[in-house]
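Contents: one structure, followed by commentary.
The values are calculated or read from the model by the stated rules, or taken from the named source; none is laboratory data. None of these values were measured; they are calculated from a predicted model. With ideal geometry, Cβ positions are generated from the backbone for all residues, glycine too; neighbour counts draw on all protein chains shown. Calculation scope for accessible area: heavy atoms of the full protein, side chains included, ligands and nucleic acids excluded. Shrake-Rupley method; radii C 1.70, N 1.55, O 1.52, S 1.80 Å.
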Amino acid sequence: DRLPDHEHGAEQRYWDPAHFIQMNSIWSPSEGEAVQPACTASSLPLQDDMVGISAAFSVARHQIAQVAPTRATVLFSGESGVGKEVFAKALHRLSPRAQQPLVAVNCAALPESLLEAELFGAEKGAYTGATQARTGRFERASGGTLFLDEVQALSMSAQTKLLRALQEGEVLPVGATHPVPVNVRIIAACNRNLAAEVAAGRFREDLYWRLNVMALELRPLAERRGDIAAIAAAMLLRQQDGAKAGFVWPTAAALDKLAAHGWPGNARELGNVLQRALVLREGDRIDAADLHISGAPQPLRIVAGTAVPAAAAEPILLRDLTRHSKLEAVRLALRETDGHRAAAARKLGISERTLRYRLAEMRDLAAA
């Protein structure tokens, strides 16, 4: 249901990421400094991606604040999509190197044949196709920060060369005879347990200890459910930046659905779902039915044609069931919610209108 305009405006204030940043961020304004409401994505602070209120987010935020002023190497770990690059950028912005370049390297995307030249540079004629000298990422980041994403993907040969560069503080471009000194701060990230990779013989132990000076683990979104609303608000503001009409916000039912999902793709998946909802929504707000979550886990599961709440079978969306199974799922949802139709509809991932239609079907079958 649509809120009255004055209530809708009040609700928007609570969705304003500027308030989350003000109250929960190390980048809060100094005492007495006013915080302007964030009306567009462009008006958000530089650190707008760093939004959250959960304990896990607060721990990571304060750890970044502690390590940023130092030269210590930082190793971020966590699932894909948890925001390791976002945190790395924030760390760089807070460091004394903030005015110098931040150069990112996706180690998993570099073929072995080009890795050395990409990282350390190459002289003209050093290999076939090298028609001019090439500056490597280390040199480009000199004075600033080098972010090595998915560092676990490096081959053993590449790990050896990286270790030497870190130990000596210099790189040797391909085809060069003299090393080039570099002054970089290293931030690395991995989506695997590097200690386990070392134990399995896939990662050098000496390089592990070189990178693992300050280890920061970023928890998945499923363990930071308190951050979902804040992150969604910031994402929706950015996705609607420049919109000529008023901003579109989720309903309470949509927020419940967002909070209930497991988010295996973390914040990246959340952004995708919200952007799709903005395009496909039918009303002037994002409702639960507008959130098309691929493979969204449902509380109801179907075993042998019957809906049960805690079976080991894969979850099946209500729209994918047979007519009989749909009605069984509706009966179970109503029983589990003590007959509360709105709660049952949210549990099933359908609108209350659809639920009323299913209830009418049940009455027709009972009368037949």
Practice problem: Identify the residue in region 337-362 that is in a loop (DSSP other than H, G, I, E, B) and not hydrophobic (A, V, I, L, M, F, W, C) and, among all such residues, is nearest to Leu291 (Cα to Cα). | Solution: Gly349
Quiz item: Residue check: is Ser77 at pLDDT 90 or above and in contact with an Asp or Glu (Cβ under 7 Å, 6 or more places away or on another chain)?
Solution: yes
Quiz prompt | From the options Arg204, Arg219, residue that is in contact with a Gly (Cβ under 8 Å, 6 or more places away or on another chain) and of a type outside the set (Val, Ile, Thr) | solution = Arg219
Quiz prompt | Count of residues meeting criterion [within 16 Å of the chain's Cα centre (by Cα) and among the charged types (D, E, K, R)] in region 228-275 | solution = 3
Self-check item: The listed residue being within 24 Å of Val86 (Cα to Cα) and surrounded by fewer than 21 Cβ atoms within 10 Å (Cβ to Cβ), out of Leu278, Leu258, Leu274
Solution: Leu278
Quiz item: Within region 92-100, can one find any residue that is surrounded by 18 or more Cβ atoms within 10 Å (Cβ to Cβ), over 30 Å from Ala232 (Cβ atoms) and either in contact with a Pro (Cβ under 7 Å, 6 or more places away or on another chain) or not aromatic (Phe, Trp, Tyr) (or both)?
Solution: yes
Quiz item: Which ones in region 209-234 are free of Cβ contacts under 8 Å to residues at least 24 places away in the same chain and either of a type in the set (S, T, N, Q) or open to solvent by less than 10 Å² (accessible area, probe 1.4 Å) (or both)?
Solution: none
Exercise. Could you identify the single residue in Leu163, Leu114, Leu91 that is of a type in the set (A, V, I, L, M), at pLDDT below 80 and assigned to a helix (DSSP H, G or I)?
Key: Leu114
Quiz item: In region 60-72, how many are part of a loop (DSSP other than H, G, I, E, B) and either touching an Asp or Glu at 6+ places or on another chain (Cβ under 8 Å) or buried (at least 17 other Cβ atoms within 10 Å of the Cβ) (or both)?
Solution: 1
